[in-house]
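Right, one structure below, let's go through it.
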Amino acid sequence: MENIERDTLEVDVLFVGAGPASLAGALRLRQLIGKHNEEAARTGGRKLDEITIAVIEKGREIGSHMISGAVMDIRPLEELLPNWKELGAPVESEVTVEDVSYLTRRFKIKSPIVPPPLNNHGKYVVSLNKLIRWLGPVVEESDVMLIPEFPAAELLYDGDRVIGVRTGDKGIGKEGEIKDTYSPGADIFAKVTVLGEGSRGSLTKKLVEKFNLDEGKNPQVYAAGVKEIWELPKGRVTPGFVMHTLGYPLPNDTFGGGFIYGMQNDLLDIGLVVGLDYQDPYTDPHRLFQEFKQHPAIAKMLEGGKMLYYGAKTIPEGGLLSQPKYFGDGFLLIGDSASFLNSMKLKGIHMAMKSGMLAAETILEALVADQFDNARMSRFADKVKESYIHKELYEVRNFHQAFRHGRRWGLIESGLQYATKGFGLLGDLKTEAGHENMKKLHVFNRRPNAPGQVPQAEPVKYDNKLTFDKVSDVYRSGTEHDGSAAASQGSGFQHLRRSLHGGIRQSMPVFLSGSRL
Ligand SMILES: Cc1cc2nc3c(=O)[nH]c(=O)nc-3n(C[C@H](O)[C@H](O)[C@H](O)COP(=O)(O)OP(=O)(O)OC[C@H]3O[C@@H](n4cnc5c(N)ncnc54)[C@H](O)[C@@H]3O)c2cc1C
């Protein structure tokens, strides 16, 4: 396949992945270029003419890969679009009611106060899916090319400098055979390539490995977030209701907890986060989530409701101490790709957006200087260090590690960390990669209270009302495989070219169609 002739496209700045990080970054860059040009017109300085900015997204539509409900710190949204309310940003509600509870197998014990780190006063419940579907066209209006259905498959290099990406070939069968619908991926060249692929992005992973960008850092540790959107009988959901739980169904040695958010139109967002550095080799986050819903207090909340949508995704939990070097010759890493996530608060949207916006400031300076090397890109790290996201990451840098000796110790240590700006009793904590915590089956089955050689948990009964098996859930996640979506659209570069040469509106119906929650 090496002799295949590929279409090429040259842009100035390429963002990979249309999540909150890239969209905020691309829009900010356009705003900054606008300001720069106004200033240049006034002062007779050099204008930045015809800078092309593109965002490619592997999802079928912009926003289609977003997992729905979230509690959002809206600071970056206010900075980016101070008139977001007038523009109709689809936030669900300001947080109105908060509940932090400990679950035993049967009981729910509500904390009399909301612990300060979990206080969401002034934050907003949003559907990330709706927010990104709304933000996409706003970004596009500002003259940024948004190109869905374009997965970046490889990075392109000139020596050690990143010079763009190659998008994935389309129309290749499961066994690698070439189908009639085959269309080779395109090479997109850029002066700066910004990776906003989210958690464990495929290009990011290779880039980090190639340049040892994580040298001297803790390995990244992940959690799995499993969630569903439910429609409840009218009047039962309070928009802005936010509940966090600890305890059941997670054993003491497994990091994580539950969350429930109230949205508009009687919709409830419910999910469970499970640290993937668990010891029990039988751990199954999907199954634990079914058990979570069967807890009497949770089942009662969901009674009479209908599950509409399911999603699951990893969360990079390692924070500051696991952050790779997030700049280099011709590239920047933003958002979850660079571990910009506050694991204590389970909040990454604002960090993703802010990191994208700081990347935009760096790129503006690089465009003005016409330099895109490591030294120029390193300004991004300076900007991050001066910003509130660094301060926030710094204070929670040991949070996840605090739980490596179990929940009880973790709560004490993280409480101390909160009081000491992240130091706690133990100072900066090293971690190993999550999988290294997993006990071998034969060792696990020999633990003192082990029931024998078989998995200890009873099988979950899937009743298709409250609990759902994995196949039904994957169906409700809207995941499509092979399907002809790409092919039927006129795949490959034709679609890209349409987008580039003013034909972007042609792709809009696809882009805006179908509104997931
Ligand atoms: C269950 C769960 C609950 C959460 N709750 C909250 C919350 O309440 N509040 C909060 O602030 N945060 C929350 N988060 C975290 C938050 O969702 C992320 O931090 C945030 O979405 C990161 O934004 P991003 O732009 O970096 O990446 P993402 O939002 O993951 O977006 C990345 C995009 O890149 C695309 N992409 C990836 N690879 C490629 C490629 N090679 N080519 C083209 N496109 C690609 C993906 O399809 C995706 O659209 C939660 C996360 C999970 C999983």
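The values are calculated or read from the model by the stated rules, or taken from the named source; none is laboratory data. Note that this is a predicted model, so its numbers are computed, not measured. Cβ atoms come from the backbone with ideal geometry, glycine included; neighbour counts cover every protein chain shown.
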Would you mind stating whether ASN212 is assigned to a loop (DSSP other than H, G, I, E, B), touching a Lys or Arg at 6+ places or on another chain (Cβ under 9 Å) and without any contact (Cβ under 8 Å) to a residue 12 or more places away in the chain? yes
Consider GLU79 carefully, then state whether it is assigned by TED's automatic domain parsing to the domain that holds ILE363 and away from the ligand (no atom under 15 Å from the Cβ). no
Filter result for ASN218 (more than 20 Å from LYS300 (Cβ to Cβ), at pLDDT 95 or above and not in a strand (DSSP E or B)): no
Positions within the stretch 4-22 being of a type in the set (S, T, N, Q) and outside the structural domain of GLY185 (by TED's automatic domain parsing), in sequence order: THR8
Report whether or not GLY225 is of a type outside the set (S, T, N, Q), out of contact with any Cys (no Cβ under 9 Å at 6 or more places or on another chain) and not assigned by TED's automatic domain parsing to the domain that holds ALA338. yes
Testing GLY257 on (1) touching a residue at least 40 places away in the same chain (Cβ under 8 Å); (2) part of a strand (DSSP E or B); (3) of a type outside the set (D, E, K, R), one condition comes back false. Which one is that? (1)
Hey, ILE67 of a type outside the set (D, E, K, R), surrounded by fewer than 20 Cβ atoms within 10 Å (Cβ to Cβ), within 15 Å of the ligand (Cβ to nearest atom) and within 20 Å of the chain's Cα centre (by Cα) or not: no
For the stretch 102-115, state whether one or more residues are within 13 Å of the ligand (Cβ to nearest atom), outside any loop (DSSP other than H, G, I, E, B), surrounded by 14 or more Cβ atoms within 10 Å (Cβ to Cβ) and at negative phi. no
How many residues does the stretch 287-304 hold that are more than 15 Å from the ligand (Cβ to nearest atom) and either of a type in the set (Gly, Ala, Ser) or out of contact with any helix residue (DSSP H, G or I) (no Cβ under 7 Å at 6 or more places or on another chain) (or both)? 12
Filter the stretch 271-288 down to residues that are over 20 Å from GLN401 (Cα atoms) and part of a loop (DSSP other than H, G, I, E, B), then give me how many there are. 2
Residue among GLY25, GLY34 that alone is surrounded by fewer than 20 Cβ atoms within 10 Å (Cβ to Cβ) and assigned by TED's automatic domain parsing to the domain that holds ALA186: GLY34
Answer yes if at least one residue in the stretch 178-192 is within 13 Å of the ligand (Cβ to nearest atom), of a type in the set (D, E, K, R) and surrounded by 18 or more Cβ atoms within 10 Å (Cβ to Cβ), and no otherwise. no
Determine which member of the set ARG161, ARG200 is among the basic types (Lys, Arg), over 25 Å from the mean Cα position of the chain (by Cα) and either surrounded by fewer than 19 Cβ atoms within 10 Å (Cβ to Cβ) or away from the ligand (no atom under 15 Å from the Cβ) (or both). ARG161
Need at least 1 residues that are more than 13 Å from the ligand (Cβ to nearest atom) and free of Cβ contacts under 8 Å to residues at least 12 places away in the same chain per element, so show me which helices (runs of 4 or more DSSP H) inside the stretch 305-411 make the cut, counting only ones lying wholly within it. 349-369, 374-377, 379-385, 388-395
Which numbered condition trips up ILE163, out of (1) at pLDDT 95 or above; (2) assigned to a loop (DSSP other than H, G, I, E, B)? (2)
